[in-house]
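Reviewing the structure listed below.
No value in this document is a laboratory result; all are computed from the given coordinates. Being a predicted model, the structure only gives us computed values, none of them experimental. Reconstructed Cβ throughout: ideal geometry from the backbone, glycine too, with neighbour counts over all protein chains shown.
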Amino acid sequence: MLTAFNILIFSLFGVLVFGSLAPLSPHPHWFIRGWDFPRVQIVIITIIATLLFVGVNTVYSGKPAVSCISICILATAIAGWHLFRIFPYTIVAPTQATTWDPVETDGSSSDNRRFRLLVSNVEMENDHFEKWAKVVRESDADMVIAAEIDQRWKPTLEELKPMFPNQIIYPQDNWYGMAMLSRLPINESEIRFRVQDDIPSIDALVKLPSGEEIRVIGVHPRPPEPIRDNDATARDAELVLWGKELAEDDRPIVIGGDLNDVAWSPSTRLFLRLSQLLDPRRGRGFFNSFHADHIWMRFPLDHVFHSKHFGIRELRRLDDVGSDHFPILIDLQLQPVLEKEQEPLEQKAGDEEEAQEKLQRAAEAEEINTASIPVTPRVPAIG
């Protein structure tokens, strides 16, 4: 019995080692990229398996076996590697985006330069329309970016018009419809298809009460997943295209949505290095938004990134809305004096080459046409 138990634990550690090393490969296959996600879970499983192994072997032999030392060393290496990756997103790590300080507020009234954004993947099949609308109303958000909007959701969005009179709605029945609802004026807007002609993003210029404009972008790239045998090629290419474009824009920028990627993945970190935007999660916590129904399988998939023009008033996960995703609310303060105080991720020498490889891979897969970069298909925003 002990032998069978030890074989089981050794086999489990073999899987954990593979899962720890797999993300080092740049291959876009969903089986490889899927291991980017469960770093926290791997740490927990590693600790539990190690305690079980040492405990059971000690009980049977009366003292820790030599194999226990080997397992402990291996477990330390596995847990240490994953903790290194997820540490920046814990509350004991330094923050990257500065918390807003009202004492240093420059210029006009602080409330005139405030921007509250709610990001929510509603789940297309979700029929808890009023439950979602109630959370939205109570959030007191200035803008909502909603993913997976189909025709069934249009009456609910219409009911929210008294609160959000400015609406851009692009419903689809493929899980990639999108809506942008705003109580602030939208001066300009476009629906853009960065990589695939059925995966829209919404790009808008929003006017704050102070009269200043900020650029707000809603995104929802296609994920790597086994059911439809999708790899990460399209998602990674879209993140690269946005990263390169936003790096050339010195206006205040906020981009948010369900990225179908975790905060610590190579693709998201490359996007942040390319764009030079800030991740408000760093130093504040995971804010796991998916899966709402399974606490053991939760990851930070819904993101908001912003330029150095903003400070953070608040970042929090909202209540369940019947979707498989929790909404994320961020409260930002436009405070340009912070630009010199906030440091984006340091760019690496190989970033441009890595970005071009991702675009080339997508072009070879006929998911984008490299000849069209940076020009992308656009259609007028509709509402």
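The candidate values are (i) 5, 26, 37, 26, 5, 0; (ii) 5, 22, 31, 24, 11, 5, 2, 0; (iii) 5, 23, 29, 21, 11, 7, 3, 1, 0; the one derived from this structure for P(r) over Cα pairs in 10 Å bins from 0, in percent carries the label (ii). Rounded to the nearest 10 degrees, the angle from helix 129-139 to the longest Cα principal axis of the chain is 80 degrees.
The amide H of Ile253, built 1.01 Å from its N in the peptide plane, has Arg215, Ser307, His309 as neighbours under 5 Å, considering only residues 5 or more places off or on other chains. Viscosity 0.890 mPa s, temperature 25 °C: give me the Stokes-Einstein translational D for segment 1-153 in µm²/s, with Rh taken as the Kirkwood radius over C-alpha pairs. Value of D from the Cα-based Kirkwood radius: 120 µm²/s.
The aspartates and glutamates whose alpha-carbon is closer than 15 Å to the alpha-carbon of Lys207, local same-chain residues fewer than 8 away aside, are Asp111, Asp142, Glu188.
With the Kirkwood sum run over all distinct C-alpha pairs, segment 246-368 has a hydrodynamic radius of 15.9 Å.
Relative to the longest principal axis of the Cα atoms of the chain, helix 351-364 runs at roughly 80 degrees.
Relative to the longest principal axis of the Cα atoms of the chain, the long axis of helix 39-61 makes an angle of roughly 20 degrees. For a quick check of your reading of the filter: which GluC sites (Glu not before Pro) in segment 306-353 sit in a DSSP loop and have no more than 10 other Cβ atoms within 10 Å? Answer by residue number: Glu346.
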